[in-house]
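Reading through the C-alpha cells given below for one structure.
The values are calculated or read from the model by the stated rules, or taken from the named source; none is laboratory data. In this text, all values refer to a predicted model and were calculated from it rather than measured experimentally. Note that each Cβ is placed from the backbone with ideal geometry, even for glycine, and that neighbours are counted across all protein chains shown. Just the protein is used for accessible areas: all its heavy atoms, side chains included, with ligands, DNA and RNA removed. Shrake-Rupley method; radii C 1.70, N 1.55, O 1.52, S 1.80 Å.
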Amino acid sequence: MPNVTACHKLMQAFAGIACWSIVSVGFAEETAKPKFPNADENPKVAEAKTADDMKPYSQTIPGTTISFDMVPISGGTFLMGSPPDEKGREEDEGPQVKVQVSPFWMGRCEVTWNEYEIWNLDLDVLRREKLKLPSTDRDKIADAVTRPTKPYTDMTFNSGHDGFPATGMTPLAAQMYCKWLSAKTGHYYRLPTEAEWEFAARGGTTTAYSFGDDPAKLGDYSWYVDNAGLEREVNYHKVGLKKPNPFGLHDMHGNVAEYCLDEYDADWYQKLSVIAKENNGVAINPLNIPRTEEVRVVRGGSWTQWYDGGPEHHRSAARYESMPEDWKIQDPQIPQSVWYYTDGTHVGFRIVRPLTPPTAEERKKLKLDPVVPEHARFLQRSTN
C-alpha cells in the first residue's frame, strides 16, 4: 500500500467527496489561478470552428471538483530548433527548420496528482460506488480504458501531492490518461508533438528562453537546480507559481520535464530539413512517429541536478530522450512495470487539444493511440 499523506488517504477512503473540495479551494488561492469560464457551466466556451473562435476555458473532470485550464494557441509558422551560436546548444537541436503548426489548446500547467490519480487510482469509480451513483454514458466509455497496476510505493515520495505535478509515469501511462480524459470529457486530448511543444514554449519569441537570452532571469520563470531546493527527496514545486510565458503558460521552463509524442532521434532535424525542402521549405505539423512505447522526446528541463537541472536544459529548443532503463532502476517488479518510472521523478506531462481532432484513420497512421504491450496485458488492472 502506498505511503500517502493524511489527505491523500482521505481522498482514497472517501473517494474525494470532501477532500477534493478542500484541495481545490486551497490550490486556487495559492496560485492566483486565473478565472477562465467553465466548460461545464457553458459548453460553448470550449467550442470553436476557427482559431479566432478559440477561448481559454476551465474543464471540470466529470464527477469531481477537480478542474484544469486550457489556453488557446493559434498556431502559425516558426523556426524550430536553435541557431548555431546559442549558448548551451547541443548538436541535436539543428539545423533550424521552418515549421507550421495548426491551432490547439494547451494545458496552462502541467497535469497534477489531483487530476492524474482520478484515473490512476480509480477514484472516480470508487466515488460512484460509495455514493451509489449510476454511470453516465461517458463513464462507461472511460471505464473501458485500461488503468495501471497499483504502484508499489508512494510515487510522490512524500514530497508534495495537492497541486504538485504528477511524475514518474511512463509515456504509455501519460498517453492512456489522455485517452481516458478524452472519453470522460468528450473532447480529444493527447500529448503535444515536439513541434507544438516548442511553438508553445517560445510564445512567439526567437530567443533562447521565452523571456530573452539571459539565464540570470531564469529563477523568475522556472524551478531549476539553483532554486528548487534540496530539502525533500523530490524537489518539484506546485504548478503555476512562477511567471507565465507570453502565451500564458506556466512552467514551460523547468519544474518537471515534459513528454512529447515524438520518438527521440538525434538526427531528426536533419531529416526534418529534407521534409521541409520537399514542401516549399515548410514542414507542416511534423511528428517523428514512435516505433516503441518508451523512447520519447522530453522537453523543458526540471528541478533535478542529475539529468536536466542546469539553465541550458531549460531553453526553448533544448531536447533529450527518455531513459527507460535508468528510470526503472528501483522498480522491484518482474518484469518491470510498463506504467511507472520509479526513478523518473523529474518527468511529467501536459496535455493539448487540437482545434481539429484527428480522424480514426489519422490516429492509426500516426500511431496516436496508446497500445498496452502484449506481455503486460495479463498484469493490467481493468475496470471493465
Handout entry: strands (runs of 3 or more DSSP E) completely within region 61-107 that count 2 or more residues being more than 15 Å from Thr206 (Cα to Cα), out of contact with any helix residue (DSSP H, G or I) (no Cβ under 7 Å at 6 or more places or on another chain) and of a type in the set (A, V, I, L, M)
Key = 67-73
Handout entry: Matching residues in region 338-365 - criterion: being modelled with pLDDT of 95 or more, open to solvent by 20 Å² or more (accessible area, probe 1.4 Å) and in a loop (DSSP other than H, G, I, E, B)
Key = Leu355, Thr356, Pro357, Pro358, Thr359
Handout entry: Ile289 surrounded by fewer than 22 Cβ atoms within 10 Å (Cβ to Cβ) and assigned to a loop (DSSP other than H, G, I, E, B)
Key = yes
Completion exercise
In the set Pro165, Pro103, the lone residue that is closer than 17 Å to Ile351 by Cα, surrounded by fewer than 22 Cβ atoms within 10 Å (Cβ to Cβ) and of a type outside the set (A, V, I, L, M, F, W, C) is Pro103
Exercise for the section: Taking Ser210 as the residue in question, decide whether it is in contact (Cβ under 8 Å) with a residue 24 or more places away in the chain and more than 20 Å from Val111 (Cβ to Cβ). Expected result: yes
Problem - Trp327, sole failed condition from (1) over 22 Å from Glu115 (Cβ atoms); (2) in a helix (DSSP H, G or I); (3) open to solvent by less than 10 Å² (accessible area, probe 1.4 Å) - result: (1)
Handout entry: Selection from region 306-332 of residues that are of a type in the set (S, T, N, Q) and within 21 Å of the chain's Cα centre (by Cα)
Key = Ser316, Ser322
Practice task
Just give me the residues in region 250-284 being outside any helix (DSSP H, G or I), among the β-branched types (Val, Ile, Thr) and either modelled with pLDDT under 95 or surrounded by fewer than 21 Cβ atoms within 10 Å (Cβ to Cβ) (or both), in sequence order.
Solution key: Val282, Ile284
Completion exercise
If we ask which residues in region 122-149 are surrounded by 14 or more Cβ atoms within 10 Å (Cβ to Cβ) and touching a residue at least 40 places away in the same chain (Cβ under 8 Å), their number turns out to be 16
Problem - Residue check for Tyr224: crowded, with 24+ Cβ neighbours inside 10 Å, among the aromatic types (Phe, Trp, Tyr), in contact (Cβ under 8 Å) with a residue 60 or more places away in the chain and not in a loop (DSSP other than H, G, I, E, B) - result: no
Exercise for the section: State yes or no: is Thr156 open to solvent by less than 30 Å² (accessible area, probe 1.4 Å), of a type in the set (S, T, N, Q) and out of contact with any Pro (no Cβ under 6 Å at 6 or more places or on another chain)? Expected result: yes
